Structures are given as structure tokens and as C-alpha cells.
1. Check residue 185 against each of (1) over 30 Å from residue 459 (Cβ atoms); (2) modelled with pLDDT of 95 or more; (3) polar (S, T, N, Q) and name the one condition it does not meet.
2. Take the residues of the stretch 648-694 that are within 19 Å of residue 247 (Cβ to Cβ) and of a type in the set (Asp, Glu): which is modelled with the lowest pLDDT?
3. If I ask for residues that are surrounded by fewer than 17 Cβ atoms within 10 Å (Cβ to Cβ) and of a type outside the set (A, V, I, L, M), which ones from the stretch 482-493 would you list?
4. For the stretch 650-702: of the residues being of a type in the set (Lys, Arg) and over 29 Å from residue 144 (Cβ atoms), which is farthest from the chain's Cα centre (by Cα)?
5. Does residue 196 fit the bill of being within 27 Å of residue 64 (Cβ to Cβ), polar (S, T, N, Q) and in a strand (DSSP E or B)?
6. Enumerate the pairs (first residue in the stretch 359-380 and in contact (Cβ under 8 Å) with a residue 40 or more places away in the chain; second residue anywhere and part of a helix (DSSP H, G or I) and loosely packed, with under 13 Cβ neighbours inside 10 Å) with beta-carbon separation below 9 Å, excluding pairs fewer than 6 apart on the same chain, so at least 6 apart or on different chains.
7. For the condition out of contact with any Lys or Arg (no Cβ under 9 Å at 6 or more places or on another chain) and not charged (D, E, K, R), what is the one hit in 366, 356, 319?
Amino acid sequence: MLTTWSLSFAFAAAPTAPEVVAAQAVAPPTIDGVLDEAIWAEAQEITSFTRYVPAPGGAPAERISVRVAQDEETLYVGVLVEDTAQPIRARLSPREDLNDDDQIGVYLDTFNDERSGFVFYFNALGVQQDARWANGEWVGDWNTVLSAEATRHERGFTLEIAIPFRSLRYPDTGLDPQTWGLIVTRKVPSEGAKYSFPTLQRGHPQLFSQAARLTGLTPPPQRAQVELMPVLAARQHAVRAEDGSLAWSGLDPWHQSIWPALDARLALSAETRLAATIHPDFSQVEGDPSQLDLNQRFAFYFSERRPFFLEGVEAFTDPLDTLYTRRINAPAYGVKLAGRGGPVTFGALNAVDLAPIPSIHEEGTPGFSEAALDGQVTLNSFARGRVDVLDGGGLGFSVAEKHVLTPDGAANAVGAMDLTLPFRESWFVSGAASGSTLFAEKAQLSGASWATTLRRTPAVGPGFSVSLSDVTPGFRNELGYLTQSGISRGSAWGEYTFAPERGPDRLAPGFWISGREERDGDGQREAGLSGYLVEGPTYLGFWASRGETTQTGAQAPNGELGAELSLTPSSWLTVEANGRIGEDIQYSTLLSARYQEVTLSATVRPVTWLRVDVLTQREWFTPIGEPTQTGLTSWTRVNAQLTRALGMRVIADYSTSTEVLTTSQLFSWVLHPGTEAYLGATERSAPREDGLIELTVFAKVSVLWRG
């Protein structure tokens with residue numbers, strides 16, 4: 001009876017969406033942050049905003065007015081915020097860095113299918129952030145070209161936005177007007193609150209199913225578009241010689257010091273893009289931060305930052321993480337095709353890796369060891385297709401293949417399929433399965449894996465999640481992030497969210513149980529309690545667990561007490577702290593061990609153009625009967641943004657695990673994504689030894705041309 005009621009509620013018809021008509025501009029408005037053109041007075045006004053974070057319900061204390069207009073080439077949005085209760089927070093920051101500021105968000109479902117869309121955020125100085133929402137996933141590293149300007153006044157600000165239609169993707173309907181989904185949000189960091197039009201539910205699995213209808217749009221027909229981005233990078237590397245002098249890399253060979261490249265993108269249709277890169281420079285402008293784990297068992301996971309791999313990334317992700325692009329280390333070229341045709345989303349990738357990374361699997365992978373890959377080249381291929389099913393769901397298929405380019409080189413192939421079904425309001429279910437084969441000179445392996453999840457995450461009330469997965473011993477995926485095989489996992493989590501009229505804005509006590517069992521008898525089981533409360537911008541969370549770990553026949557109790565706190569005591573300071581204390585097995589000695597860890601971080605913004613981030617992590621690890629091991633990681637970044645385009649930053653990163661201090665300096669100029677210039681230097685030194693170890697100096701410039 002309860003199940004029937006729950007499903008009928010989940011599929012209940014949504015309220016009729018409000019409608020907004022885009023006004024037609026005779027002449028394009030000047031994007032100067034002043035809404036003084038006649039079109040803004042003529043356009044329909046949006047003023048009905050409702051809070052959805054941290055708790056649902058309630059109108060903003062201020063007045064928010066939003067209007068939408070268009071001409072033949074551009075979509076315009078005008079925003080007026082006035083009568084604010086608190087001073088506006090707006091900092092001159094690098095593009096994308098505005099999460100601590102007052103914001104306006106514009107969400108566009110250009111295909112009006114409630115499955116994906118474009119998301120733009122702006123602060124009260126016109127600093128921009130853009131992202132994609134695709135099939136229930138945020139793609140925060142997506143970028144495009146648009147413009148925005150803002151002006152601040154005594155108790156508010158005015159914002160004027162221009163989004164070229166060519167920076168979006170939408171259906172070809174000829175001369176027929178189009179209807180898009182529209183959501184507008186307002187973030188007030190001093191309250192820790194977000195407001196929206198129309199009313200949103202926090203954590204809804206189908207974000208754009210809640211959108212208003214933006215009607216009367218007449219964008220130009222999609223045509224074949226070409227984007228070319230020539231890149232020129234120069235790099236010099238120096239290593240300290242035995243006599244203490246620096247031995248520079250020089251110009252022999254020249255192609256390792258001067259690096260011309262070309263990125264190209266071709267719009268084949270409204271929703272299909274071909275991307276290619278010739279002689280790509282896959283270096284990152286900002287390196288990966290140090291990570292600390294004194295009881296480390298597996299390789300660290302690093303997020304992708306390289307622009308080529310982020311192009312159309314939503315078409316390359318699946319629930320099993322079949323593709324982990326950081327496994328493609330130094331490609332000679334890259335080719336990608338990503339797009340959509342009707343209900344089908346697809347992506348394909350091919351790259352040759354000149355310096356492949358050895359297997360990260362704890363038992364190793366035949367043919368992909370460090371010795372086997374020394375001096376070798378690998379071919380990496382991936383393809384994925386996804387078909388829309390039911391209301392917001394999808395059926396996907398992925399294939400991945402990696403092989404060493406020698407006559408007897410090893411080859412690993414993986415095939416996977418997945419099904420995701422988000423239900424209206426708060427329900428989500430997914431299932432995925434994959435199989436693999438591996439051929440090496442003296443070995444052959446095959447295996448399978450599967451995973452399934454059922455989740456309910458309402459804004460208020462009971463929520464839960466149940467997940468199960470299994471990987472057979474012979475399963476390998478050398479193009480993904482796979483550290484173990486022959487392992488089964490299960491977990492359950494439950495939580496009840498309160499939004500009391502008095503007291504904290506949101507309070508959510510909960511529990512969880514989890515376990516993993518390995519085919520060789522190893523495993524871990526634990527159960528715990530957790531909870532958090534939110535009061536304005538303040539967040540406090542806690543957890544406690546108890547269980548047992550088995551490793552190579554040894555057993556040890558495990559358990560942990562922990563808490564985390566985030567405070568914003570003023571508009572210029574944010575402080576975060578978390579700590580944990582517990583016990584577990586030491587994987588290297590199989591002894592029981594106790595550990596403590598404290599992490600402190602702060603963001604200081606004393607003036608509009610300056611940001612200082614500081615993080616320090618300290619860990620103590622004490623195996624029974626052995627001395628205590630200690631570890632320290634310290635990371636500091638200072639960013640000075642001189643104009644919207646021009647900035648400079650300095651980073652210092654030190655970890656006792658390597659006893660190396662890394663410092664880097666960077667001057668950057670970013671007119672818009674693709675038209676950028678960088679000049680920087682990175683040095684590594686050993687403070688406890690002889691100082692400087694190596695030094696790298698680099699420059700990089702790119703220009704985006706759109707035809």
C-alpha cells in the first residue's frame with residue numbers, strides 16, 4: 001500500500017509551469033550594466049522568487065526584477081536587485097571564482113526536454129561562471145563565450161547579460177518560434193540562502209522539470225560553425241646538477257621547448273560537435289595539490305583539468321566511471337565526437353598516449369606493468385551512447401579499449417551498459433553492468449562488474465539510499481580508475497531532514513551501514529550515526545562509526561569520531577575545520593593502529609581584488625607497539641585580480657610525505673575562454689637538504705576564432 005502510494009506520488013502531474021515571453025529588441029541594448037534602453041521597459045517582468053535553500057518556502061526580503069529579450073543573434077537578460085537587507089558581496093575575481101559572492105543564475109533548457117541545459121552565474125561586478133546540467137550531472141568545467149556588465153548602487157545592483165545564440169545549442173525549427181525552459185536564481189551568501197523563479201526543490205533529480213516556459217524565441221538556424229584555437233607554448237626546464245648549477249633543457253630538441261598546437265571544433269549539427277587537436281599541449285596551468293594519507297593503500301584520484309578532455313564531457317560519463325581521462329597521460333593527438341540526435345546522446349574519443357601510466361590495480365595487470373610499458377605507446381579508444389527512456393531516464397552503452405602498439409602488445413577491452421530512472425520530486429534508481437577481456441603475451445583475463453542504487457532525497461522529510469556492487473577477480477579496466485577486483489560492496493544510508501520554524505534552518509540526523517567483502521577473505525564492515533545542521537551560512541556536521549577490518553588473515557577493530565564546521569563570520573572571512581580520530585588496520589604491517597587528523601582552511605578577502613586561501617592538514621598515525629608517524633601538508637594561494645581579465649597568483653605547497661616545497665607564480669590574461677595568455681614559473685626545492693631541485697618557466701598564449 002505504501003509503495004503504491006509512493007510511486008503514484010512520484011509520478012504525479014507537476015503544476016502548470018509559468019510562462020515568460022521573450023521581448024523582441026529592434027536594436028541591441030548596450031551591455032553596460034544600466035537598464036536604460038526601451039526594450040527593458042517593454043519586456044515582461046519576473047518578480048516572484050521563493051527560497052529553496054537551506055529550507056523551502058519564504059520570499060526574499062529584497063526586491064528582484066528580471067526581464068528577458070532577444071534580437072536576431074543574442075539572448076539578453078536584465079536584472080535589478082534593490083532594497084537589500086545586507087551589503088552586497090562582490091569581488092573582482094578570476095572567471096568562475098564567484099561562489100562566495102551575491103549571484104544571479106540563469107538556467108536555459110534549450111531543447112525543452114527537461115534533461116539537460118546551460119547554466120550561467122554572475123556576481124554584482126559581472127564576473128561570470130558557466131556550467132552544464134546533463135542527465136542529472138553537473139559539468140562545472142564547461143565554458144563558452146558571453147558578456148555581462150553590472151553596476152552597484154546603495155542597496156542593490158543592476159546586471160545586464162548578453163548570451164550569443166551561437167554559444168548555445170538548440171533545435172533547428174526554421175522560422176517557427178521555440179520554447180525553452182527557464183530558471184532564474186538569486187544567491188544571498190550573508191543569509192546562506194538561495195531563491196528561485198519558479199519555485200525549486202533542493203536536490204530534485206530532474207532539475208529542468210521545474211522550469212518555467214520561455215516562449216516566442218526566434219534564434220537563427222543552426223549552421224556549420226568552425227572554431228579554431230591556435231596555441232603557442234614555450235617551456236624551459238632546469239635541474240640542479242651535482243656542482244649546484246642549473247642544467248637547462250635548452251632547445252635540443254626544439255619541439256620539447258617550443259610547442260605550437262591547434263585545436264579545432266566543428267559544429268556538424270545543432271547538437272553535434274567534432275573536436276580535434278594537433279600536437280596538443282596537455283599541460284595544466286595549475287597543478288594538482290598535494291594529498292596526505294599515512295595509511296595509503298591505493299593511488300590518489302585526481303580530477304581532470306585539461307581543456308580538450310573537458311569538451312563535451314557529459315557525453316563520456318557513465319555510472320561505472322568506465323573512462324578516467326587522467327589515464328591518458330601524454331597523447332600525441334586527440335579526436336572527439338560528441339552530440340545528440342533526437343533521444344540519443346553519443347560520444348567517441350581516440351588518442352595515442354606516448355607515455356602511458358602503469359596499472360594502478362593492487363594486484364597489477366598483465367601487460368600493463370611499469371616494466372611492460374617502459375618506452376611503449378598505447379592506443380586509447382572510448383565510445384558511449386545513451387537513449388532517453390521514460391520520463392527523464394536513460395539507457396546507456398559504453399565501450400573502452402586500450403592496447404599497446406607492438407605486435408604482441410597487451411590489450412584490454414571493456415563493455416558496459418547502464419539504466420538510470422529519476423522519478424519526479426525525489427526518487428532515483430540506477431543499475432549498471434560491464435564485462436572485460438584482457439590479452440597479454442602470457443596471460444588472459446576476463447571478468448564482470450555491476451552496481452545498483454536506489455535513492456530518495458527530498459528537501460524535507462525521510463531520505464535514504466541503498467547501493468550494491470560487485471567486481472569479479474578477473475575484471476580489469478586500464479582506461480578507468482580501478483584499484484581492486486574480486487570485491488563486493490554494499491551500503492545503506494538514511495536521514496530525516498527537518499526545517500523547523502524555530503532553531504536552525506535545516507537539521508538532518510541520520511545513520512549508515514556499509515561493508516565490503518573480498519574474494520580472498522579480506523573485508524571491512526562498519527555502522528555509524530551522522531547528522532548536520534545549517535543555520536544561515538553556518539554548517540556543522542558530525543559522524544561516529546564502529547566496525548571491523550580483515551586483511552590477509554589479520555583482524556582489527558575500526559571506528560571513527562569526526563566533525564566538520566564551516567563559518568562565515570564576516571563578508572571577508574570564511575573558515576572551515578574538520579577533524580577525526582579513530583582506529584583501523586595498518587595495511588603495510590597488518591597491525592592495529594590509531595590515527596588523528598585535523599584540517600584547517602580559511603579564505604580571506606580583505607579587499608575586492610585580493611583573495612588568500614590557506615589550508616593545512618596534520619595527521620598522526622600510531623601502529624600498536626610502534627612509534628607515531630606524523631604527516632603535514634600546507635597549501636597557500638594568493639590571487640590578485642587587477643581587472644576582469646588580468647590577474648596574478650602565487651601558490652606554495654609543501655608535504656612531509658615528499659619533503660618537497662613547490663612554489664609557482666602565474667600571470668594570466670583571459671579575455672574569454674580560448675583567448676588567453678599565461679606566463680609562469682614553478683620551482684621545487686628540498687628545504688631540509690640542498691634547496692632548489694628543479695625549475696620550470698613557461699609561457700602560453702591562445703586565440704579563439706569563430707567562423
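1. (1)
2. Our first condition is that a residue be within 19 Å of residue 247 (Cβ to Cβ); within the stretch 648-694, this holds for 660, 681-686, 689-694.
When the remaining residues are screened for being of a type in the set (Asp, Glu), the result is 683, 689-690, 694.
Numbers: 683: 92, 689: 76, 690: 73, 694: 90.
Here the answer is 690.
3. Passing the criteria: 483, 488, 490, 491.
4. 688
5. Working: within 27 Å of residue 64 (Cβ to Cβ): yes; polar (S, T, N, Q): yes; in a strand (DSSP E or B): yes.
For residue 196, the condition - within 27 Å of residue 64 (Cβ to Cβ), polar (S, T, N, Q) and in a strand (DSSP E or B) - is met.
6. Every condition considered, the pairs that remain are 359/370.
7. On the way: 366 fails: out of contact with any Lys or Arg (no Cβ under 9 Å at 6 or more places or on another chain); 356 fails: out of contact with any Lys or Arg (no Cβ under 9 Å at 6 or more places or on another chain).
Step by step, each of 366, 356, 319 is checked, and only 319 is out of contact with any Lys or Arg (no Cβ under 9 Å at 6 or more places or on another chain) and not charged (D, E, K, R).
Each row is one residue, and each column tells you yes or no for (1) surrounded by fewer than 16 Cβ atoms within 10 Å (Cβ to Cβ); (2) in contact (Cβ under 8 Å) with a residue 60 or more places away in the chain; (3) aliphatic (A, V, I, L, M).
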| position | (1), (2), (3) |
| --- | --- |
| 668 | no, yes, no |
| 673 | no, yes, no |
| 676 | no, no, no |
| 682 | no, yes, no |
| 689 | yes, no, no |
| 695 | no, yes, yes |
| 698 | no, yes, no |
| 702 | no, yes, no |
| 707 | yes, yes, no |
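The values are calculated or read from the model by the stated rules, or taken from the named source; none is laboratory data. This is a predicted model, so every value here is computed, not measured. All Cβ positions, glycine included, derive from the backbone under ideal geometry; neighbour counts span all protein chains shown.
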